[in-house]
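> Questions regarding the structure given below will be posed in turn.
The numbers here are math on the coordinates, done by the rules we state, and not lab data. Everything numeric in this text was worked out from a predicted model, so none of it was measured. Here Cβ is always computed from backbone atoms with ideal geometry, including for glycine, and neighbour counts include all displayed protein chains.
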Amino acid sequence: MAHHPIRVDNSEPATVGDVARILGVSRKRTAEIVRAVRRIVRRDSNTGDIVISNARPANTSARSRNGNRKTTKTASARRRISR
């Protein structure tokens, strides 16, 4: 990937989609990142401050890095594989 400077145009602020497109991130991945951030970041209704939640989603320990569930093989399954 060729490195090139990001040109700054002060006419309007850059959106998440603009930055992702410039960096070469796919639309699907960009939408996934935006959804994840919206789950974590919220505005407090009382104070109006932006709050970042540090709570992890449920069952993340049961998932591998690519999002699939980890399964443990039973002894009978191991015997079938080894034959």
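> Among the residues of the stretch 16-48, which ones are loosely packed, with under 10 Cβ neighbours inside 10 Å and in a loop (DSSP other than H, G, I, E, B)?
Selection gives G24, D44, S45, N46, T47, G48.
> Here is a follow-up. Any residue that is touching a helix residue (DSSP H, G or I) at 6+ places or on another chain (Cβ under 6 Å) and among the hydrophobic types (A, V, I, L, M, F, W, C) - is there at least one of those in the stretch 7-15? Break it down stepwise before answering.
Applying the first criterion (touching a helix residue (DSSP H, G or I) at 6+ places or on another chain (Cβ under 6 Å)) to the stretch 7-15 yields none.
Within the stretch 7-15 (the criterion being touching a helix residue (DSSP H, G or I) at 6+ places or on another chain (Cβ under 6 Å) and among the hydrophobic types (A, V, I, L, M, F, W, C)), the answer is no, since none of the residues qualifies.
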